[in-house]
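Engineer: I'd like to ask you about the structure that follows.
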Amino acid sequence: MSGSEAHDVKKLVRSPSGLRMVPESRAARSPFGLEEPPWVPDKECPRCMQCDTKFDFITRKHHCRRCGKCFCDKCCSKKVPLPRMCFVDPVRQCAECALISQKETEFYDKQLKVLMNGATFYVTPARSEQSELMVCRLSNNQRYLFLDGNSHYEIEIAQISTVQILTEGFTPGEKEIHTYTSLLESEHITEGGNTRATGMLLQYKVPGSEELGLMKLTASEDFNSNKKLSATWLAAMHKAAKLLYESRDQ
């Protein structure tokens with residue numbers, strides 16, 4: 001286990017929203033996580049914030065655990081897993097938030113595991129013409145990308161400024177279509193068409209420096225199975241980058 005993962009002790013905490021299993025240190029929290037929202041005070045919501053039904057002794061008010069807004073039971077009846085806030089059990093959410101959380105559950109159940117299992121790439125650092133075959137994986141605490149071969153690199157997810165997925169089209173004239181995702185800047189996300197992921201460019205802030213580092217990852221052509229695994233890993237990385245990009249406004 002890397003030193004970047006060695007001290008990630010978790011604790012069980014209780015909040016008004018439910019039980020959560022969170023890292024003891026805030027610095028160890030996953031970049032994919034979301035902060036628990038403050039609840040809209042009861043006195044400020046005499047009516048459901050969705051259907052405008054007036055609350056009374058019979059019509060009770062409920063708070064969505066994801067957005068913190070106040071709803072009637074009909075508008076906030078679903079209990080859905082919310083792994084981004086580390087809830088142990090499914091929690092009550094409004095219809096809009098429940099739909100978002102259900103989509104994110106697939107990322108946690110599938111893509112996150114793919115990223116942590118890792119895949120093999122030829123890695124080329126900035127200003128270098130030498131490539132090295134390395135295994136790239138997401139750390140168990142989800143905070144770092146580890147690149148391991150004869151060399152070792154640790155790139156903090158929170159310090160990645162851009163992710164550029166390199167893709168290859170299946171039809172003539174579509175080669176090298178780029179799917180570009182920005183995490184820290186304000187660029188929009190463009191989706192690739194009928195393409196296959198073949199590599200990735202990572203730009204990130206180098207710790208203790210004003211410089212930006214750059215890494216190019218290229219899928220190995222040695223074995224078809226490795227190439228398929230690499231493409232699956234890149235697709236998962238694209239979803240991770242998109243999730244981080246979209247969560248900036250949440």
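Engineer: Checking GLU96 against (1) farther than 25 Å from LYS110 by Cβ; (2) surrounded by fewer than 19 Cβ atoms within 10 Å (Cβ to Cβ), which test does it fail?
Structural biologist: Of (1) farther than 25 Å from LYS110 by Cβ; (2) surrounded by fewer than 19 Cβ atoms within 10 Å (Cβ to Cβ), only one is false for GLU96: (1).
Engineer: Of everything in region 220-234, what is open to solvent by less than 50 Å² (accessible area, probe 1.4 Å) and modelled with pLDDT of 85 or more? Give them in sequence order.
Structural biologist: SER230, ALA231, TRP233, LEU234
Engineer: Considering region 108-119 alone, what residues qualify as being closer than 16 Å to MET215 by Cβ and either open to solvent by 50 Å² or more (accessible area, probe 1.4 Å) or not in a helix (DSSP H, G or I) (or both)? Step through it out loud before you land on a result.
Structural biologist: Step one: of region 108-119, the residues closer than 16 Å to MET215 by Cβ are 115, 118-119.
Scanning region 108-119 gives GLY118, ALA119.
Engineer: Can you name the residue in region 14-72 that is in a strand (DSSP E or B) and closer than 30 Å to MET116 by Cα and, of all such residues, is most open to solvent (accessible area, probe 1.4 Å)?
Structural biologist: Taking region 14-72 and keeping what is in a strand (DSSP E or B), we get 14-15, 18-23, 47, 54, 61-63, 70-72.
Of the ones still in play, those that are also closer than 30 Å to MET116 by Cα are 14-15, 18-23.
Values: ARG14: 187, SER15: 26, GLY18: 19, LEU19: 57, ARG20: 28, MET21: 80, VAL22: 5, PRO23: 15 Å².
The residue in question is ARG14.
Engineer: Are any residues in region 127-154 over 15 Å from LYS216 (Cα atoms), of a type outside the set (Gly, Ala, Ser) and assigned to a loop (DSSP other than H, G, I, E, B), and if so, which ones?
Structural biologist: ASN140, ASN141, GLN142, ARG143, ASN150
To keep it simple, each residue is scored yes or no on (1) farther than 20 Å from LYS239 by Cα; (2) touching a residue at least 40 places away in the same chain (Cβ under 8 Å); (3) in a helix (DSSP H, G or I).
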| position | (1), (2), (3) |
| --- | --- |
| LYS74 | yes, no, no |
| ARG84 | no, yes, yes |
| ASP89 | yes, yes, no |
| LEU99 | no, no, yes |
| GLU106 | no, no, yes |
| PHE121 | no, yes, no |
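Engineer: Let me ask something else. Would you confirm whether or not region 137-150 contains a residue that is touching a residue at least 40 places away in the same chain (Cβ under 8 Å), open to solvent by 30 Å² or more (accessible area, probe 1.4 Å) and of a type in the set (A, V, I, L, M, F, W, C)?
Structural biologist: No, every residue in region 137-150 fails to be touching a residue at least 40 places away in the same chain (Cβ under 8 Å), open to solvent by 30 Å² or more (accessible area, probe 1.4 Å) and of a type in the set (A, V, I, L, M, F, W, C).
The values are calculated or read from the model by the stated rules, or taken from the named source; none is laboratory data. Source: prediction; values computed, not measured. Positions of Cβ are generated from backbone atoms using ideal geometry, with glycine treated the same way; all protein chains shown enter the neighbour counts. Heads up: the accessible areas ignore ligands, DNA and RNA and are worked out on the full protein's heavy atoms, side chains in. Shrake-Rupley method; radii C 1.70, N 1.55, O 1.52, S 1.80 Å.
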